[in-house]
Amino acid sequence: MKLVLVAIHIEPSPRSLPLGPAMLASVLRNAFGEAIQTRVVDAFVAEPAAVVAERILASKPDLVGFSMYVWNRSQTLAIATLLKAARPNTIIFSGGAEATADLVGVLANPAMDFVLPGEGEDIIVEALRRLSQGDSPQALAEWAQPTPVKDLTNLPSPYLDGTLRPEDYGGALWELSRGCPFTCDFCFEARGTAGTRRIPLDRVEAELELFEARGVREVFVLDPTFNYHKVQAKQVLRLIASKAPTTHFFFEARSEFLDEEMAGLFAAIPCTLQIGLQSAHDDVLRNISRSFDAEDFEAKILLLHQAGVPYGFDLIYGLPGDSLAGFRESVDFALGLVPNHLDVFRLSVLPGTRLAETAAGLELTHEASSPYRVLASPTFSAQDMEQAGRIALGCNVLYNQGRAVPWFGMLLEPLELQPSEVFEAFAAWLDAHPGVHPVEAQRAFYQTRFEARGNTLLGALAADVIACFGHATALMDEPGVEETQSARRIRFHHDPRVLMAEIEAGTTGLEELAFSVPAMPCEAVFSLDDGEVVVRVQ
């Protein structure tokens, strides 16, 4: 029997690794040996369905299984339809969060024979055993019920058994536990499970050693709250420091469970933390079964800041009870804590979540199909939702993609603006100036903002500060460019060497810099020399 398991990723990246299908392939090999020949196929949402279908059909499979999520549902069903048309006898099934949450809706598509809901390892083994014994796909569709894998101890590791080679992808997805102790209304993670189950530490250690030996650069930890079990979290952090000290790890964490010791353990390894703030208003968060203590949050984030741990926040706009004004306040609160990045999302009413059950009572207007975005609520009009989206766009381009952390606060104070106001204005500026290089867009935007206030001197200085940080960072991060080909020639209003020397000496106020750095129009060449940025003024 030939089986193809398909993972359709959002876009190419080190995160686009088919961990779920590979785990299923591992358990099937353990259960059936070579009786079931399993192949894992990677695909991307932007690929034409016909191209992916041809890639799948090349194996002449008897069965095809898809990992279905909110971002790939339509693509999955389009590919399944093509497969059925080309090979009508092929059995097609799906699993994953989207298929589990909307089982009836997915099965309504005639190309889909059955759904394996919930965690897949146990159920796929039993499903294929039943098929081999003569059960029909229809019988499987009626039989299948979600059942969590109660004990993770005996699950094989697709990394350790050779099913999945993380070095081929440039990164790895890493599962340390399953389940979530929280019941946030907008999230599907905790539905149908109670508590959390953990991967044994001996497997964790072995996988870390493999990552280090294979030169894996990035590892994305899948646990929704890595630091909930503080003792185990600290054990893992110590293991990382000893077994994989050169790999960069990405964690999702909750601020409530941070302490000084844990901040120090995070600081001892290359890592980045993502913390789900969602809103800075306790009354809003209580509508989705969360809570918020601003004082405690700030104190815990200060521990990370003092330890030198990079961290970012998540915010959601459109939450029940929130408003455009409240969302602006959340953005401003978040930026006041100087995160490395701020990811802002529109609320979605995902099938199977508590929010999907309460949305009507909360009068949330939302899309009926994927991605299920909220369109309006009694306190957040459709027009306000669009405006919040503009703020999110400005934040992403200016702050995240623009890597504005080193200079954002420096330029914010003299403009006497809140971060949300800057992001909104920048989004409007982008509309009027499409196609401008990101660093030059930031320079021009800020220069015009200062000039509008009648301060040409500070505008020119702001543009130079942005250029110094922006072009140096872009040069260091530019992929695949030889040092001899990487020089950048930039026009400055001030000598960038003097400017950066003053900033490095501790002068971080724009008005202070205006007194200490004399105007000197010039051209500067930024280049790399042995991995270091060198600036030459001409």
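Residue-wise, which Karplus ³J(HN,Hα) couplings in Hz belong to the range 138-153, taking 6.51 cos²θ - 1.76 cosθ + 1.60, θ = phi - 60°, and x for glycine or proline?
5, 5, 5, 4, 7, 7, 5, 9, x, 9, x, 6, 5, 10, 7, 4
On C-alpha positions alone, give me the angle between the axis of helix 419-432 and the longest principal axis of the chain, in degrees, nearest 10.
90
For GLN278, enumerate residues with amide H under 5 Å from its amide H, sequence gap 5+ or separate chain, H modeled in the peptide plane.
Amide H neighbours of GLN278, under 5 Å, 5+ apart: ASP314, LEU315, ILE316.
Using amide H atoms built in the peptide plane, which far-off residues or other-chain residues are under 5 Å from LEU5 H to H?
Close amide H contacts, sequence-distant or interchain: ARG39, VAL40, VAL41, GLY65.
Could you give me the radius of gyration and the Dmax of the chain, taking only the C-alpha atoms into account and expressing both in angstrom?
25.7, 84
Suppose R0 equals 45 Å; then what is the FRET efficiency for THR147 and ALA432 from their Cβ-Cβ distance, rounded to the nearest 0.05?
About 0.20, to the nearest 0.05.
Where both residues lie in the chain, what percent of DSSP beta bridges are antiparallel, nearest 5?
30
For every other residue with a beta carbon closer than 9 angstrom to the beta carbon of GLN274, add +1 if it is Lys or Arg and -1 if Asp or Glu, then tell me the sum.
-3
Sort TRP71, TRP429 so the one with the fewest other Cβ atoms within 10 Å of its own Cβ comes first.
TRP71, TRP429
I need the calculated FRET efficiency for the pair ASP202 and SER59, taking r as the beta carbon distance and R₀ as 35 Å, to the nearest 0.05.
0.50
What FRET efficiency comes out for the pair ALA360/GLU256, r = Cβ-Cβ distance, R0 = 45 Å, nearest 0.05?
Efficiency, from the Cβ-Cβ distance: 0.90.
Quick check for you: which residues of the range 26-59 have the amide N under 11 Å from the point 7 Å beyond the Cα of ALA111 toward its beta carbon?
Once the point is set 7 Å along Cα→Cβ of ALA111, 49-54 turn out to lie under 11 Å by backbone N, inside the range 26-59.
Helix 324-335 versus the longest principal axis of the chain: what angle, 0 to 90°, nearest 10, using Cα atoms?
For 324-335 against the chain, the angle is about 70 degrees.
If you check each cysteine of the chain for another cysteine whose beta-carbon is under 4.7 Å away, which ones come up empty?
Cysteines lacking a close Cβ partner in the chain: CYS180, CYS271, CYS395, CYS468, CYS522.
For the range 166-372, give me the percentage of DSSP beta bridges that are antiparallel, rounded to the nearest 5 percent.
10
Among MET68, MET385, MET476, MET112, rank each residue by its count of other Cβ atoms within 10 Å, from fewest to most, as a rough exposure measure.
Placing the least packed residue first, the sequence is MET476, MET385, MET112, MET68.
Rounded to the nearest 500, what is the chain's calculated 222 nm mean residue ellipticity when only DSSP H runs of at least 4 contribute -39500 (n - 2.57) each, over all residues?
-13000 deg cm²/dmol, from helical runs alone.
Once you place label points 7 Å from the Cα toward the Cβ at ALA501 and ARG238, how far apart are they in nm?
Distance between label points: 4.8 nm.
Order these by the 10 Å Cβ neighbour count, fewest first: GLU207, GLU416.
GLU416, GLU207
If one takes the longest principal axis of the Cα atoms in the chain, at what angle in degrees, from 0 to 90 and to the nearest 10, does the Cα axis of helix 120-132 lie?
Long axis of 120-132 versus the principal axis of the chain: about 30 degrees.
Give me a comma-separated list of calculated 3J(HN,Hα) values for the range 9-16, in order, Karplus coefficients 6.51, -1.76, 1.60 applied at θ = phi - 60°, integers in Hz, x for any Gly or Pro.
Values per residue, Gly and Pro as x: 8, 5, 7, x, 5, x, 7, 7 Hz.
For LYS230, give me every one of the aspartates and glutamates with a C-alpha distance below 13 angstrom, ignoring sequence neighbours fewer than eight places off in its own chain.
GLU256, ASP259, GLU260, GLU261
Need the full-extension length gain, ASP282 to ARG39, defined as separation in residues times 0.36 nm minus the C-alpha distance. One decimal, nm.
Full-extension gain reported as 82.7 nm.
Could you tally the net charge around ALA58, taking each other residue with its Cβ under 15 Å from the Cβ of ALA58, Lys/Arg +1 and Asp/Glu -1?
Once all neighbours under 15 Å are counted, the net charge is +1.
From the phi angles alone, apply the Karplus equation (6.51, -1.76, 1.60; θ = phi - 60°) to the range 48-60 and give each ³J(HN,Hα) in whole Hz, x where the residue is Gly or Pro.
With coefficients 6.51, -1.76 and 1.60, one gets x, 4, 5, 5, 5, 4, 5, 5, 5, 5, 4, 8, 6 Hz.
What is the gain in length, in nm to one decimal, between ALA452 and GLU298 on full extension, counting 0.36 nm per residue of separation less the C-alpha to C-alpha distance?
52.0 nm
Every number here is computed from the coordinates shown, using simple stated rules; none is lab data. Just so it is clear, the model here is predicted, and its values are computed rather than measured. Ideal geometry is used to build each Cβ from the backbone, glycine not excepted, and the neighbour counts take in all protein chains shown.
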